[in-house]
Each structure stands twice: as structure tokens, then as C-alpha cells.
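Heads up, the thing below is written out as C-alpha cells.
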Amino acid sequence: MAVELPLPTLTAQTRHGLLVSEGWEDYRLLDIGRGRKLERFGSYIVDRPEAQAMGPQHLSGDAWRSAHAIFDGDAEEGEGRWRFTQRDIPDDFPMAWEGLVFHGRFTPFRHLGLFPEQAVHWAWLAERLAHATRPIKILNLFGYTGLASLVAARSGAQVTHVDASKKAITYARENQALARLEDKPIRWIVEDAVKFAEREIRRGNRYQGIILDPPKFGRGPNGETWHLFEDLPKHLADCAALLADDADFLVLTAYAIRASFLAFHDLAQPLLSPRGGVLSSGELAMQVEGKDRLLSTSLFVRWSRT
């Protein structure tokens, strides 16, 4: 379940606040503390490093020792390895969100093929598209394993999904097949997101919605490098230029949690506020199951026409 906490209105067009996910049937945040987080993905309990989990752990040591998979490694860079407590745990396993089936996956970088906190964006996206009265073209940049693209396509949008990683695109196609959405209009493109956006501007293509989920650092298929703080200002300006006159939304999520969401808001405001509508920004957070505890995971900026 996703909860949108009250967003203070600074002006008629500006709001700041938290977007909180309580998890769903196939995902729960069970506990946090001492630089770790304990989660359930499908039927598997997972213990991963988490730099934001600075407080005490509330569950017993037995609860933490029940984890099926423990990631030993760095919480910031994500490099390390998985340690499994059972021999029969597969690399891939099925999960679902609101009837959308996809793969959970133990990757080499502590991630499991999805970012659960983004369920608040998936729900918001599905709700907006459900009320669309015209064809909606969506561009999903740095699209990873494709869950936002599948949510959008299932809701009736035409989606262009771009990621520099061929492996991520392969995973996304596998998710499409598992969800039985092969007939939906999704273009899967292995390309550097920055170069693709620049070419789309030159080609005159425009979109009603843009989803932007850049990493702090990344590499393109031809050796291109991406540094969030250096490269985002120009890239976000290009994304704003790719919005059609009748555009409906742009969503930016950034995992540079050491930054402030106000910095990203200040970057987006002159690009998007002239279009009218509402510009919201803040943090995505997960609620610990059964507790009045929140874990901040990322920053967001979300512009919508209405």
C-alpha cells in the first residue's frame, strides 16, 4: 500500500513532502538498524546493508538470523556478494505487484531487480493513465528491469524504454514475458540515455510523459560516463524539451540520498513550472511493518499538468 503524506503547499504550484510505501503482499520492510535492513521479497527474507538505517534494530536476533540471503558488502557502492543460508534458493523467483508478475533476482550489487519504494510512483502512474482521454507516449530513461514501463504499458501507454545495460534490457524483456504483456507497445532500446534524449530532440519526437531514474554514476554501452551532479542539469533540460505541448507528467527519482531534494527541486522548477500544473518534491520512504518507523531511500521531483 502506498501512502502520500500531506505535502505542504508553498504556492499553488509547489509542494514538498514524503511519499511513503507500506509495502504490499510480496514485499515488506521488516526491520532496520545498525546499518542493515531486513526485508521480505516474495517468500525470501533478505538482510542487506543500508547506510540510512542508523538507529537500533527492533526485532530479535533470531528474526535477523532467519534471513535466507545476506549481502556482505558496501552499502554505498553496493559491491560485495550474497551469502545464502539454504542451498535451494534460486537466482530468480517470481513476485507480483497489483497483479503484475515479474522476477525478483539476486544481483551482484545487492539489488533484487526492483526498488520497492517506487511502488508509490507505479500506483500514481497507473492512476493517471487510467483517466487518460488521449494516446499517451512515455519515455522511460535509465529504465532498468522495466517495471515502470510494464505498469505504463498495461495501463494503455505507448512506452519507449531506454537503458545502457544490455543485461538490464534482457531482464526487462523477461519480465514482460512473465507478465504476459508481449502484445503491449514497448520499444526496448539499449543506448546511452543522454545521447538518446539528444537525438530525440533533433528528430522532433515528443512525449506526454517522461520517467527518469538516473544512477549516481554509470557507464554507457560505448564507454560513456554519467555523473549525477555534473550531468543531470543538461539532461533534465533535454527531458523538459522532449515534453509535448500536451504533456501530462515528468517523474525524476535520484538515489543520491546524501543530497537534498530541494537541490533537485530548484533544478527542475525553472524548466517545468512555466508549464503550469503542480511541481512536487521530497523523499521516497518505506515504512517498517507494524512500526512507526520510516526509512528514507531516495529523492524525487514530480511534475504533473493537474
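The values are calculated or read from the model by the stated rules, or taken from the named source; none is laboratory data. This structure is a prediction, so every number in the text was calculated from the model and none was measured. So basically every Cβ, Gly included, is an ideal-geometry build from the backbone, and we count neighbours across all protein chains shown. With ligands, DNA and RNA removed, areas are computed over all heavy atoms of the protein, side chains included. Shrake-Rupley method; radii C 1.70, N 1.55, O 1.52, S 1.80 Å.
Pairs meeting the criteria (first residue in segment 95-114 and on the phi > 0 side of the Ramachandran plot, second residue among the aromatic types (Phe, Trp, Tyr), beta carbons under 7 Å, at least 6 apart or on different chains) are Arg110/Phe71; Gly113/Tyr171. Residue pairs whose Cβ atoms lie under 9 Å apart, separated by 6 or more positions or on different chains, with the first residue in segment 201-222 and small (Gly, Ala, Ser) and the second exposed (fewer than 15 other Cβ atoms within 10 Å of the Cβ), are Gly218/Thr225; Gly218/His227. Of all the residues that make up segment 202-224, how many are open to solvent by 50 Å² or more (accessible area, probe 1.4 Å) and aliphatic (A, V, I, L, M)? Within segment 202-224, residues that are open to solvent by 50 Å² or more (accessible area, probe 1.4 Å) and aliphatic (A, V, I, L, M) number 0. Going by the structure shown, is Gly78 open to solvent by less than 30 Å² (accessible area, probe 1.4 Å), out of contact with any helix residue (DSSP H, G or I) (no Cβ under 8 Å at 6 or more places or on another chain), modelled with pLDDT under 95 and closer than 24 Å to Ala256 by Cβ? Criteria met by Gly78.
Working carefully through the options Leu262, Leu295, Leu232, find the one that is assigned to a strand (DSSP E or B), farther than 17 Å from Trp124 by Cβ and more than 15 Å from the chain's Cα centre (by Cα).
Numbers: Leu262 fails: assigned to a strand (DSSP E or B); Leu232 fails: assigned to a strand (DSSP E or B).
None of the others qualify; the one that does is Leu295.
Entry remark, segment 147-162: residues being without any contact (Cβ under 8 Å) to a residue 40 or more places away in the chain and assigned to a loop (DSSP other than H, G, I, E, B) number 2 in total. Counting only residues that are closer than 23 Å to Pro108 by Cβ and among the small types (Gly, Ala, Ser), which one in segment 150-176 is surrounded by the most Cβ atoms within 10 Å (Cβ to Cβ)? Among those residues, the one meeting the criterion is Ala172. Annotation note: Cβ proximity below 6 Å between a residue of segment 240-253 that is under 23 Å from Glu283 (Cβ atoms) and a residue that is polar (S, T, N, Q) (sequence gap 6+ or interchain) occurs for Phe249/Ser304; Thr253/Ser298.
If only residues of segment 105-149 that are surrounded by fewer than 20 Cβ atoms within 10 Å (Cβ to Cβ) and of a type in the set (S, T, N, Q) are counted, the one that is nearest to Arg302 (Cα to Cα) is Thr133. Every test in (1) within 30 Å of Ala259 (Cβ to Cβ); (2) open to solvent by 40 Å² or more (accessible area, probe 1.4 Å); (3) modelled with pLDDT of 95 or more is passed by Leu59 save one, and that test is (1). Out of everything in segment 62-75 that is at pLDDT below 95 and assigned to a loop (DSSP other than H, G, I, E, B), what residue ends up being most open to solvent (accessible area, probe 1.4 Å)? It comes out as Asp74.
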